[in-house]
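S.K.: Below is a structure I'd like to ask you about.
All of the numbers you see were taken from the coordinates with simple rules; none came from a lab. Remember, predicted model here, so these are calculated numbers, not experimental data. Don't worry about glycine lacking a Cβ; one is built from the backbone with ideal geometry, like all the others, and counts go over all protein chains shown.
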Amino acid sequence: MTPKHGSSRSLLKTRAVRADAALGTNGHRRVAALKRYSPTGIASRAGRRRFPLAAPSWPENVPRPAPDHDLGVDYDTTWSRKYPVRLARAMVLDNVTRPLARVIASPLIRGDEYLTDVGAPVIFAANHTSHIDTPLLMS
Amino acid sequence: MSPRPGFVLEVDRSTPPTLYWHGERFRMERLPEGSRVIYAPEPLDPLTDPSAAIRHALRHPLGDKDPLPALLHPGMKLTIAFDDISLPLPPMERPDIRQLVIEQVLDMAAEAGVDDVELIVALALHRRMTEPELRHALGDRIYDAFAPNGLLTQHDAEDPDALVHLGLTDQGEDVEINKRAAESDLLVYVNINLVAMDGGHKSVATGLASYKSLRHHHNPQTMQQSRSFMDQHKSELHSANWRMGKLIADSGVNVFQIETNLNNDAFPPAFNFLQKREWEWGVKDRLAYLGASKALDRTPAKYARQIFHSVKAPHRMTSVQAGEVEAVHAVTTDNVWKQQGVVVEGQTDILSMGLPYISPYNVNSILNPILVACLGLGYFFNMYRGKPLVREGGVVIMSHPTPWEFNPVHHPSYIDFFEQVLSETTDPIEIAKGFEESFATDPWYIHLYRTGHAYHGVHPFYMWYWCAHALQHLGAVIIVGGDPAAVHRLGFRVASTMADALEMANDIVGTSPTLTHIHTPPIFMSDVQ
């Protein structure tokens, strides 16, 4: 039977229901937060992102404009010249490659004064004698 | 790279959701496959030296008109009238075009030794502009030189001493305009052309006219016979204004018309996403959209409105032409089409549109329900040439919150129109017959119009008449996300989501209807083939 309005029983019941509801909500919230910030949760959300959170898809019946090329030949390595990738590469070179190269070899550098006035683009052609040429030249 | 022309997209499964204005907010809607979305042409390149272009136009007029310097001489009476706050939209960044043009006219007048110069805001039955608005339009130099001496006035359509009746047209239409303008040796009119309806003879015959004159073409019959009023050659509104314009010229009023075209660059870079096609949004656009939409969702409408009304448009002048009214206006209209024209194949069953926060009649104010109807059905619906975008008996779906909210200072008679008139009938012809006269002659509304910043008592009627062609043509109007009470008062239907609206529309136009969405901003004109 539904208690009458104004009776103490009904007030008690309402409070109890509210308390239960609050507990339930908080419990759900905690579990939801754990799931949300777990590695699987983040990965799954990243996969589910939709426009405008994710980049837009291109309508099938709209021709894509020809991409702007900054190289003479159409290589599929444009990504490697983007700023974030260049930044990451510089960090790896300075903090990993260079110290490792110095551990293995102490290069003797001669003629670097000729590079002072050289402007890009430049091709460095190593007289390849070892696999360590690449890290040495780059660092 | 030259600006791209307008574009009609056919929605497919890869098309991203489409952006809709929703008053002071935005919505993203995924439209059904096969729908069309019309995008405006990109902004045309502006003039590199606007001041030089204005000088050239004044010295090399079009039509049967002498160069402006030749029309100026000592002892003459010169009046410069200019468009009011309703143009352009949003208001443009400083310097406003009116300032650039009027400064040059004044320089030439000073060189010619003209002393008797007055400036008049051609506001017809619109509200009077405030001092900051006038300073923005004219610049401080002009305002400070003219306003303190009473030489900058706002047209008063209810001052019998400031009006002169020039006669009747061959159709019996009264032509009553501003006395100072009519009695001047030269009337220079400075126009900003944003849509094809603006300019031409309408500048003087409407902008400087009285109610007695305006009622001949601002009525439901004229609007229903204008297909559309944005197409000069099929517009009864234009025909009436042209008849009046000819009578004004025959009465000896010497009008030197200066018209300017703007590009459609309507929002500053922070809002670039508004004018871009969604599939071309870059990271910056997406971040700007997410930031703006999330912030606006949490901002009370009143403050969101203030934020938007503070936005100034980076509009730039693309052309300026001066001289005889009709010759000038022909060039202006061509230029409007170059910027705004989009060719569209065939009509649609359902036309959808997202309505913004602004219309010509609520700058720095509230877009009340009557103005919502006018913006959607008066303006957007009529932005066509040939045939309406939506077929006869079709449905228009508008997205706008449509709050039951009015600005009592700017729109006092709108409140009573909404409460007393629309509660009785929404038929424009019945409204005109039964109610117009009492509102138009109400002394309190006239007092507020003349002394405050209120639109004339009859103005809400005109806004409703603006919808007359659409109301006659359409099977139904649905507003998505509108206040149910306000929407029902307008005689429209309300839907909470676009999906619901489409389902409701299906009941009227049948299953599997065609849908076309007009993607604004910026505005454009459809050339429906």
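S.K.: What FRET efficiency comes out for the pair A:Thr116/B:Phe7, r = Cβ-Cβ distance, R0 = 56 Å, nearest 0.05?
M.R.: After rounding to 0.05, the efficiency reads 0.65.
S.K.: To continue, here is another question. So for the pair B:Glu503, B:Glu33, with labels modelled 7 Å out along Cα→Cβ, what separation do we get in nm?
M.R.: If labels sit at B:Glu503 and B:Glu33, their model points lie 2.2 nm apart.
S.K.: In whole Å, what three semi-axes, largest first, describe the equivalent ellipsoid of the protein assembly as shown built from its Cα gyration tensor (square root of 5 times each eigenvalue)?
M.R.: Equivalent ellipsoid of the protein assembly as shown: 53, 39, 24 Å, largest first.
S.K.: Starting at the first residue of segment B:221-235, write each ³J(HN,Hα) from the Karplus equation 6.51 cos²θ - 1.76 cosθ + 1.60 with θ = phi - 60°, in whole Hz, x for Gly and Pro.
M.R.: Whole-Hz 3J(HN,Hα) from phi for segment B:221-235: 4, 4, 5, 6, 8, 9, 10, 10, 6, 8, 10, 3, 7, 10, 10.
S.K.: Using a 10 Å cut-off around each Cβ of peptide B:24-31, what is the average number of partner chain Cβ atoms that fall inside?
M.R.: Counting other chains' Cβ atoms within 10 Å and averaging over B:24-31 gives 1.
S.K.: Separate question: Which angle from 0 to 90°, rounded to the nearest 10, does the C-alpha axis of helix B:325-340 make with the longest principal axis of chain B?
M.R.: Helix B:325-340 and the main axis of chain B meet at about 30 degrees.
S.K.: Under a point-charge model restricted to the Cβ atoms of Lys and Arg (+1) and Asp and Glu (-1), what is the dipole moment magnitude of the protein assembly as shown relative to its Cα centre, in debye to the nearest 20?
M.R.: Here the protein assembly as shown has a charge dipole of around 4320 debye.
S.K.: Let me ask another. Evaluate the relative contact order of segment B:50-262 (contact order divided by residue number), counting alpha-carbon pairs under 8 angstrom at least 6 apart; express in whole percent.
M.R.: This gives 22 percent for segment B:50-262.
S.K.: If you take the C-alpha gyration tensor of segment B:50-262, multiply each eigenvalue by 5 and take the square root, what semi-axes do you get, largest first, in whole Å?
M.R.: Taking √(5λ) for each eigenvalue gives 26, 19, 18 Å, largest first.
S.K.: On to the next question. Any idea what the dipole of segment B:381-529 comes to, in debye rounded to 20, about its Cα centre with Lys/Arg Cβ at +1 and Asp/Glu Cβ at -1?
M.R.: 440 debye
S.K.: I want to check the label-to-label distance for B:Trp404 and B:Leu290. Put each point 7 Å from Cα in the C-beta direction and report it in nm to one decimal.
M.R.: It is 3.9 nm.
S.K.: For segment B:374-510, what does the alpha-carbon gyration tensor say about shape, rounded, prolate or oblate, given a ≥ b ≥ c as the root eigenvalues, a/c under 1.5 as rounded, and a/b over b/c as prolate?
M.R.: Working: a/c = 2.23, a/b = 1.76, b/c = 1.27.
Here segment B:374-510 falls in the prolate category.
S.K.: Where nothing but the Cβ of Lys and Arg (+1) and of Asp and Glu (-1) is charged, how large is the charge dipole of chain B around its Cα centre, in debye to the nearest 20?
M.R.: 1320 debye
S.K.: Report for segment B:50-262 the percent antiparallel among DSSP-assigned beta bridges with both residues inside it, nearest 5. Spell out each step's value before the answer.
M.R.: Working: 6 of 28 bridges.
In segment B:50-262, DSSP labels about 20 percent of beta bridges as antiparallel.
S.K.: State the dimensionless ratio Rg/Rh of chain B (Rg: radius of gyration of Cα atoms; Rh: Kirkwood radius).
M.R.: Working: Rg = 22.5 Å, Rh = 23.5 Å.
Using Cα coordinates only, the ratio equals 0.95.
S.K.: Give me a comma-separated list of calculated 3J(HN,Hα) values for segment A:75-92, in order, Karplus coefficients 6.51, -1.76, 1.60 applied at θ = phi - 60°, integers in Hz, x for any Gly or Pro.
M.R.: 8, 9, 10, 4, 4, 6, 9, 6, 4, x, 5, 4, 5, 4, 5, 4, 5, 5
S.K.: So if we plug the beta-carbon distance of B:Ser512 and A:Met91 into 1/(1 + (r/R0)^6) with R0 = 51 Å, what FRET efficiency do we get, rounded to 0.05?
M.R.: 0.35
S.K.: Quick one: give the max-minus-min coordinate of the C-alpha atoms of segment B:402-480 along each principal axis, largest first, in Å.
M.R.: Reported extents, whole Å, longest axis first: 42, 29, 19.
S.K.: Sticking with this structure for a sec: Could you check the simple spin-label distance between A:Asn61 and B:Lys338, using points 7 Å along Cα→Cβ, in nm with one decimal?
M.R.: 3.1 nm
S.K.: What relative contact order, as a whole-number percentage, does chain B give when Cα pairs under 8 Å and 6 or more residues apart are counted?
M.R.: Worked out over chain B, it gives 21 percent.
S.K.: Of the peptides B:64-71, B:483-490, how do they stack up when ordered by the mean number of other Cβ atoms within 10 Å, highest first?
M.R.: In decreasing order of mean packing, B:64-71, B:483-490 become B:483-490, B:64-71.
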